[in-house]
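Asker: Take this structure, written in structure tokens, and hold onto it; I'll ask about it next.
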Amino acid sequence: MSEKNIESLLKEKRVFPPSAAFSSQAHIKGLDAYEEISRKALEDPEGYWAGIASELHWFEPWKTVLEWELPFSKWFVGGKTNISFNCLDRHLGTPRKNKIAILWEGEPGEVRALSYQMLHHEVCKFANVLKSFGLQKGDRATIYMGMVPELPVAMLACARMGVMHNVVFGGFSAEALRDRVNDSQSRMLITADGGYRRGTTIALKKSVDDALAGAPSVEKVIVYKRTGDPINMVAGRDVWWHEAMAVASADFPAEALDSEHPLFMLYTSGTTGKPKGVVHTTGGYMTGTYLTTKWVFDLKEEDTYWCTADIGWVTGHSYIVYGPLLNGATSVMYEGAPNFPEPDRFWSIIEKYRINIFYTAPTAIRTFVKWGDQWPAKHDLSSLRLLGTVGEPINPEAWMWYRKNIGGDRCPIVDTWWQTETGSILISPVPGAVPTKPGSATRPLPGIVADVVDRQGNPVGPNQGGFLVLRRPWPSMLRTIYGDPERYHRQYWSEIPGMYFTGDGARRDEDGYFWIMGRIDDVINVSGHRIGTMEVESALVSHPTVAESAVVGRPDDLKGQGIVAFVTLSAGNQALPALKEELKIHVGKSIGSFAKPDEIRFTDSLPKTRSGKIMRRLLRDLASGAKTVGDTTTLEDFSVLAKLREEEE
Ligand code: PRX
């Protein structure tokens, strides 16, 4: 993080307290109420969390709220519950039975509205389909679909029977899908023929066929027909969704699962080349997503709520599917691109359904700024009462634009900090209580003990940069990395002794507000997508012409960060412009298009320390066009740096 950036944040003095009108109707009505809850949660965390968990349905009560033996936590031990039951069945004896649970719009324009009763019916049938193919509690199923209601149906069916789901974002390539299927050892793959995106179709099933050539654990593939594009159905392995559903019973009582029964895994990038399967379990994840959806979005019975994320990422898991359904909300789901057919698709959706709560990413907001004020101005956005952002730091100017042009200077903005690993939002304003400052996620939610510390774990002073850590376990925390508890321990609980290390840098201001400064490990955040530099490097060196590569992020006005790859070629290969394109395509094929480098720079050698470590800091400086680069005293060969600079000119 450059000093310039820290300085500009320090200049941010604007504060926006919630309006009296908002506070008076909110779940938490003002700062005093909030401080009181926070104080109680600090004094008696177990009592606090137990109180929240008990708002949900348990088949059997827990005996112990928390068993904590660093780094492993168990929550609501001895309790039996089911998140699918809590998302669906719990509402059926209430007026929510006929309330819309999922309001879906396809990119071509179709609309589907599934009530809680209808969703329950589909989920039970699909659970029976899974069962009929031999899937059992404890198995894993990979889901690789676009944004269609059948995706949450599949997730909730898995959860209903205790099968772990492993949703893989539809933008991942066949190779990335194969790795995730293999690591999870899934017996079942649930997919669609294709999906719609920006007026064209994406051939999901083709990627599945390619992936499964190297993934022997998969016995069955269930294919939902979305586009009708011709696909290859493998006899004995592939089954059409609609054919299987046509004969399935709608009677499937939810399994009473242990609170710690694994609910899902979701692969995310870390500091090594291999993505890690973050494991979440049932009772704690349910408690965290339920509570945060209610408080952070100040969700009410009559709200129409829309989170624009893709369910392939954790935001979609927690804040399109589980959190909203646990609260009996109407969750809007949109299939396609924000600029199809025109750059006002989001605003037309808000106007059409009178959406009240809107949750999106800073990268999207920056794109809207670029597209121009005229697009939201064409629409009546007066139904909105709350806005949210997630996924990366938001620059104050984008925040102000969002507030004015989308929120009509009326809606509080919740800048929500969290991670795949945390399961639910941990640092965020509670909108009726905590005044907001543009660019700050403000304060940890009640019960969350966050801090900014140095390497040894000592708190740093106000406005000093440091590592963002969590000092206490929380219910929706990840439990392990699938198949690799040792890596889980090392990665999260041993960098800074005794604390959970987030991988983010942050500072806390004189009011105790957190300002997240971005990743300090080898992870790049491109448009809110978390990409490990090592993943891109491994993809590059798997190309026959590449000897070595180093990948770094550089600031990007739209995407937050862009990817720059420094590449040395193996002997006999020429540094031709066409090869740059080929390498970008190669990375797209290995990971997915969203991970393609923005720029490839060929170089004869990479700057290294005497011990042979690539000096990424120098490369980051070079990639971002900094005139002077930082400390070079450990650089092994100064001429490398000079050469890299020359190439730039
Ligand atoms: O660096 C932080 C950034 O996104 C990382 C988590 O990425 P992922 O697991 O993909 O989950 C994204 C959605 C929760 C964090 O370590 N990040 C997330 N939210 C914010 C953020 N950075 C700043 N402000 C945020 N509100």
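Asker: Of the residues in segment 499-525, how many are at pLDDT below 95, touching a helix residue (DSSP H, G or I) at 6+ places or on another chain (Cβ under 8 Å) and closer than 24 Å to I365 by Cβ?
Answerer: 3
Asker: Sticking with this one: Scan segment 263-279 and report the pairs whose first residue is part of a loop (DSSP other than H, G, I, E, B) and whose second residue is within 12 Å of the ligand (Cβ to nearest atom) and polar (S, T, N, Q), with Cβ atoms within less than 6 Å and a gap of 6+ or a chain change.
Answerer: These pairs meet every condition: P275/S269.
Asker: Could you check segment 401-443 and list, in sequence order, the residues that are near the ligand (Cβ under 10 Å from one of its atoms), in contact with a helix residue (DSSP H, G or I) (Cβ under 6 Å, 6 or more places away or on another chain) and of a type in the set (F, W, Y)?
Answerer: Matches in segment 401-443: none.
Asker: From the list T367, T389, which one is in contact (Cβ under 8 Å) with a residue 12 or more places away in the chain, of a type in the set (V, I, T) and touching a helix residue (DSSP H, G or I) at 6+ places or on another chain (Cβ under 9 Å)?
Answerer: So the residue among T367, T389 that is in contact (Cβ under 8 Å) with a residue 12 or more places away in the chain, of a type in the set (V, I, T) and touching a helix residue (DSSP H, G or I) at 6+ places or on another chain (Cβ under 9 Å) is T389.
Asker: Right, something else. Looking at segment 364-377, can you tell me whether even one residue there is farther than 28 Å from E12 by Cβ and either out of contact with any Leu (no Cβ under 8 Å at 6 or more places or on another chain) or crowded, with 20+ Cβ neighbours inside 10 Å (or both)?
Answerer: So far as segment 364-377 goes, no, none of its residues is farther than 28 Å from E12 by Cβ and either out of contact with any Leu (no Cβ under 8 Å at 6 or more places or on another chain) or crowded, with 20+ Cβ neighbours inside 10 Å (or both).
Asker: A further question on this structure: Determine whether segment 382-400 contains at least one residue that is within 14 Å of the ligand (Cβ to nearest atom), within 23 Å of Y34 (Cα to Cα) and assigned to a loop (DSSP other than H, G, I, E, B).
Answerer: No, segment 382-400 has no match at all.
Asker: Hand me the list of helices (runs of 4 or more DSSP H) wholly inside segment 51-146 holding 1 or more residues that are among the polar types (S, T, N, Q) and within 30 Å of R471 (Cα to Cα).
Answerer: Output list reads 83-87.
Asker: While we're looking at this one, here's another question. When both residues are 6+ apart or on different chains and their Cβ atoms are under 7 Å apart, which pairs have a first residue that lies in segment 420-439 and is within 19 Å of V279 (Cβ to Cβ), and a second that is of a type in the set (G, A, S) and within 13 Å of the ligand (Cβ to nearest atom)?
Answerer: T422/S476; G423/G288; G423/S318; G423/S476; S424/G288; S424/S318; S424/S476; L426/A450
Asker: Would you confirm whether or not segment 52-62 contains a residue that is assigned by TED's automatic domain parsing to the domain that holds S476, without any contact (Cβ under 8 Å) to a residue 24 or more places away in the chain and closer than 30 Å to P497 by Cα?
Answerer: no
Asker: Oh, and also: Within segment 613-649, which residues are in a helix (DSSP H, G or I), modelled with pLDDT of 75 or more and acidic (D, E)?
Answerer: Residue satisfying the conditions is D621 alone.
The values are calculated or read from the model by the stated rules, or taken from the named source; none is laboratory data. None of the values given here were measured: they were computed from a predicted structure. FYI the Cβ positions are ideal-geometry reconstructions off the backbone, even for glycines, and counts take in every protein chain you see.
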